[in-house]
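The values are calculated or read from the model by the stated rules, or taken from the named source; none is laboratory data. None of these values were measured; they are calculated from a predicted model. Glycine gets a Cβ as well: all are built from the backbone with ideal geometry, and neighbour counts include every protein chain shown.
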Amino acid sequence: MTAASTDRLAPAPVSVPASASMMAVHRAVGDLRRGSFVVIDGPGETALAQAAETLTADSLSALAQLSGSSPRLALTATRARVLDLPAAGGAVVVLPLQRDADAPTVRFLADPTFRPASPPVVLPQPVVLQDASQTSCAGAAIQLAKLAQLLPAAVIAPLGPTGIKRLATTGSGSNLLRVDAAAIAAYADLAADTLRPVGEARLPLKAAENARIVGFRPADGGTEQFAILIGDPAAHQPVLCRLHSECFTGDLLGSLRCDCGPQLQHALERMGQAGHGVLLYLAHEGRGIGLINKLRAYRLQDAGLDTVDANLHLGFDSDERSFRAAATMLRHLGIGQVRLMTNNPLKVDALVAEGIEVVERVRHAIPANAHNHAYLATKVARSGHLIDY
């Protein structure tokens, strides 16, 4: 694919409203990571929100003062069940915080790897949101924390008309970013749909000297994704294809805790031998939870949990990945049929659901070592992976 062909593959411009909503969410993600407040507008409600893991004594006090209401802690139902809190019927559990609840208490409830200096304050019974949609303020705040690759927990403070007016006339409040809950819920899919190729280069590899790399970027300038092309994959359809989730520890450092590094190299080697193929290097660190949260999961695994339960204890689903971006990238590359290298049938199902024809699942697994045999066994027993050794 030449520079000229990259231009031809560029999609139609994103509509102004869609692009603006994406940028608002992208900015809100940055504010949340910095420990700032964000104003979220949901159906019939507005709330101030802050990521639970960035909460401090000062920010907890400021949330109450700016909003004029009592802050609440929003947790995923998954995390609530780990804490033995009622979570039936809803995707989000909202805990009203007592006046003597402090930042360490909130961190203790949100982060299973955190150990406070003193026992946490006992909280009252939670309010369970029966609406499982992500468009409530609490659900949107948790989704925003996930997009920011923070723990999926947020402290929210409802804003009535008086609170909204107070924000508008308060110096610190008037500068806060305001974002719609529906835009947060739609962001991941919209970012995937608006990916476009923005740069490419020849990239001779040890496994394949006839390789190139293409970089993709969404309309809001957010997270970039990459495709490694061996030969001319579009001319050899169904093409040998690998969807590889980035793994800093395995791909770059050679960690023995997983099989990611060897899987990456083995895929490139097989494509090099075949003379063609496409490997999509996807921003899915830690099955979509991010590198810092993956390190937290490692601590829980070292304490005895398997990989699935570690993610659940952190409040995430067992696998937070979406492969919509992969399908978008393949379409830009002119590829509609693949021979997918994976031992995970869910990847096959996900790609088919996004409109890509998977003609064949090609076995792709690496033998276990002393450090990852339990990890690989868990993938088979609890995540549906096939035994292809």
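Checked against the criteria, Ala20 counts as assigned by TED's automatic domain parsing to the domain that holds Ala157 and at pLDDT below 90. For the stretch 254-280, residues that are touching a residue at least 24 places away in the same chain (Cβ under 8 Å), crowded, with 18+ Cβ neighbours inside 10 Å and in contact with a Leu (Cβ under 8 Å, 6 or more places away or on another chain) total 11.
Residue-level check: of (1) in a strand (DSSP E or B); (2) in contact (Cβ under 8 Å) with a residue 40 or more places away in the chain; (3) out of contact with any Cys (no Cβ under 9 Å at 6 or more places or on another chain), Ile156 misses just (3). With respect to the conditions (1) modelled with pLDDT of 85 or more; (2) in contact with a Ser or Thr (Cβ under 6 Å, 6 or more places away or on another chain), Ala28 lacks only one, and its number is (2).
Here Phe316, Phe248 are screened, and the one residue that is crowded, with 22+ Cβ neighbours inside 10 Å and in contact (Cβ under 8 Å) with a residue 40 or more places away in the chain is Phe316. Filter the stretch 92-122 down to residues that are of a type in the set (Lys, Arg) and farther than 14 Å from Ala52 by Cα and give me whichever is surrounded by the fewest Cβ atoms within 10 Å (Cβ to Cβ). Looking at residues that are of a type in the set (Lys, Arg) and farther than 14 Å from Ala52 by Cα, I get Arg99. Step by step: first the residues of the stretch 80-106, then only those that are within 15 Å of Leu63 (Cβ to Cβ) and within 23 Å of the chain's Cα centre (by Cα), then the one that is modelled with the highest pLDDT. Which residue is that? In this case the residue turns out to be Val106.
Answer yes if at least one residue in the stretch 286-298 is under 20 Å from the mean Cα position of the chain (by Cα) and part of a strand (DSSP E or B), and no otherwise. No: the stretch 286-298 contains no residue that is under 20 Å from the mean Cα position of the chain (by Cα) and part of a strand (DSSP E or B). Among the conditions (1) surrounded by 24 or more Cβ atoms within 10 Å (Cβ to Cβ); (2) more than 26 Å from Val92 (Cα to Cα), Val155 misses just one, which is (2).
Within the stretch 363-383, being surrounded by 14 or more Cβ atoms within 10 Å (Cβ to Cβ), at pLDDT below 85 and not hydrophobic (A, V, I, L, M, F, W, C) holds for Asn372, Tyr375, Thr378, Lys379, Ser383.
The test for being buried (at least 21 other Cβ atoms within 10 Å of the Cβ), part of a helix (DSSP H, G or I) and out of contact with any strand residue (DSSP E or B) (no Cβ under 9 Å at 6 or more places or on another chain) does not hold for Ala326.
For every residue, the table says whether it meets (1) at pLDDT 95 or above; (2) exposed (fewer than 14 other Cβ atoms within 10 Å of the Cβ); (3) among the hydroxyl-bearing types (Ser, Thr, Tyr).
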position	(1), (2), (3)
Ser172	no, yes, yes
Arg178	no, yes, no
Ala192	yes, no, no
Leu203	yes, no, no
Val214	yes, no, no
Ala219	no, no, no
Cys241	yes, no, no
